[in-house]
1. In the stretch 88-106, what residues are modelled with pLDDT of 95 or more and either more than 30 Å from residue 11 (Cα to Cα) or assigned to a loop (DSSP other than H, G, I, E, B) (or both)?
2. Quick one: in the stretch 188-208, of everything that is of a type in the set (Gly, Ala, Ser) and touching a Lys or Arg at 6+ places or on another chain (Cβ under 7 Å), which residue is surrounded by the fewest Cβ atoms within 10 Å (Cβ to Cβ)?
3. Six or more apart or on different chains, Cβ atoms under 7 Å: show the pairs whose first residue is in the stretch 171-199 and at positive phi and whose second is charged (D, E, K, R) and surrounded by fewer than 20 Cβ atoms within 10 Å (Cβ to Cβ).
4. Out of the stretch 107-135, which residues are crowded, with 19+ Cβ neighbours inside 10 Å and either in contact with a helix residue (DSSP H, G or I) (Cβ under 8 Å, 6 or more places away or on another chain) or assigned to a helix (DSSP H, G or I) (or both)?
5. List the residue pairs whose Cβ atoms are under 8 Å apart, where the first residue sits in the stretch 139-168 and is on the phi > 0 side of the Ramachandran plot, the second is in a loop (DSSP other than H, G, I, E, B), and the two are 6 or more positions apart or on different chains.
6. Can you tell me which residue in the stretch 136-177 is surrounded by the fewest Cβ atoms within 10 Å (Cβ to Cβ), limited to those that are polar (S, T, N, Q) and closer than 17 Å to residue 117 by Cα?
7. So which residues in the stretch 318-332 are surrounded by fewer than 18 Cβ atoms within 10 Å (Cβ to Cβ) and in a helix (DSSP H, G or I), if there are any at all?
8. Quick one: which helices (runs of 4 or more DSSP H) sit completely within the stretch 235-317 and have at least 3 residues that are surrounded by fewer than 16 Cβ atoms within 10 Å (Cβ to Cβ)?
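The values are calculated or read from the model by the stated rules, or taken from the named source; none is laboratory data. Because the structure is predicted, anything quoted here is derived from the model rather than measured. Positions of Cβ are generated from backbone atoms using ideal geometry, with glycine treated the same way; all protein chains shown enter the neighbour counts.
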Amino acid sequence: MKLCVKAVVVGGGPAGSIAAQTLAQRGIDVILLERDLSFVKPCGGGLSLNAFTELNIPKATIRKEVKKIQLVSPAGKILDIDLKGGNLAIVERGEFDRVLRQRAEEQGVNIIEAEVTGLTQHKTYTVEAISGEEKYEIASEYVIAADGINSKMRTILGIKTSRAFFTVSEHIKGIHTDCCEFWFGSAHAPRAYSWVFPSGEGISIGTGSFEQGKMNDLYAAFKEKRGVTANGSKRVYRIPVWTGDLYNRDKVLFTGDSAGQVLPLTYEGIYYAMKAGEFAAKAIIENDADNYRKLWKSRFQKRFVLMGKLQDIFLKNDASAERLVAIHRRPEIQEASLRLWLMKDSRKATLFSYIKLFGKLLS
């Protein structure tokens, strides 16, 4: 089947759905290709409540609202932080992604469950895809690659795969927590953290590390430390490491995990993927693919660089992680962190005050 549109979006996660919806709202013909509409990405599902208003996402997708986070140091020191109204929303990724795709479809996006097999470029692009016996050739001026860490578009264009951070996680029923727990310690999460988040009928529990071969042992150590003996369906997944060097190749624009747009230190990705999809769509609406890089860097570059530096400082060993938790006992640090991380305050004054505050503490 041969089709022709202004833009093809490859990938039906948050980045792809927001990109496609934004384009369709401006009357642009767009096709969204998703290899597997039933895929559910392993994810804690944490998202700032502010994001729902900013991106006009139905709050009906929120499964739980969290009003407190808990930091646990390597030595077991516990710090509870009240989110002061800037609450965290917990979503179930399968449902959340499905709702975003439905909203895109309601705006006129043509969603096709098909796997991309090729891309050629002459005056325009031709995206080749297959769904069962059906083969597609879609002519398009622009392509948005929103197809995750295992991006087929990166492979087709010969772009090296992102360096990865590895996670092991489970959803376990019958255990409950009223906060998002972040546990630090090299015994279970070297240079990273382990987590326990509320989930629909229980908890999402997991750990992360750059040491792929040790993941199962690290996860077992964390479950023992947390006192969790029940089991769920364990899943291993990779999270890209942000480098900030991939935005577009001509008129192919990379968003979300395919571009490695995961915030250092916190490893938050959903919000930044959706904003990247929005920015990519705006660049296409303006007929200037290079403007995507400008939009993204203007909004997020300094934040990502800062969080990368803080990750290097505070997650290098257990002593530095102890200091991270200790510093966040200070009210001014809590307030600054919540403004930047949770409330998504992007004003330059907020970022500079945060840098200045940490600079004093680390000098």
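1. Step one: filter the stretch 88-106 for residues modelled with pLDDT of 95 or more, giving 95-106.
Scanning the stretch 88-106 gives no hits.
2. The residue in question is 200.
3. What qualifies is 185/318; 191/316.
4. 109, 111, 116, 119, listed by residue number.
5. 148/11; 148/13; 148/41
6. 155
7. Hits for the stretch 318-332 are 318, 319, 320, 322, 323, 326, 327, 331, 332.
8. Numbers: elements: 270-285, 291-296, 302-314.
Answer list for the stretch 235-317: 302-314.
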